[in-house]
């Protein structure tokens with residue numbers, strides 16, 4: 001079920017409907033509502049993957065770029081996302 005932004009909540013503050021992490025990678029699934037021309041509300045999902053790393057100043061940063069060594073964990077996270085969406089009946 002998508003979480004709808006309230007007037008006092010900015011859209012980017014709406015939490016993901018599912019989160020998972022593995023190693024330095026984090027996956028989030030976002031439910032987005034869209035109004036069709038006919039006035040129907042449709043829900044579509046987007047999936048994001050981020051990688052945490054420490055920069056040269058030893059501060060944590062995030063990127064959407066993956067290293068070749070991250071591919072196995074990324075595949076496992078995407079399978080987790082697929083399982084979640086199937087379970088939710090999407």
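Here is how the numbers come out for the structure above:
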quantity: Among (1) part of a loop (DSSP other than H, G, I, E, B); (2) at pLDDT 95 or above - the single one residue 8 does not satisfy; calculated: (2)
quantity: Out of 20, 81, sole residue that is modelled with pLDDT of 95 or more and in contact with a helix residue (DSSP H, G or I) (Cβ under 7 Å, 6 or more places away or on another chain); calculated: 20
quantity: 3 or more residues modelled with pLDDT under 95 and touching a strand residue (DSSP E or B) at 6+ places or on another chain (Cβ under 8 Å): qualifying strands (runs of 3 or more DSSP E) within region 24-70; calculated: 25-35, 41-54
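The values are calculated or read from the model by the stated rules, or taken from the named source; none is laboratory data. Remember, it's a predicted structure, so these values are computed and weren't measured experimentally. Here Cβ is always computed from backbone atoms with ideal geometry, including for glycine, and neighbour counts include all displayed protein chains.
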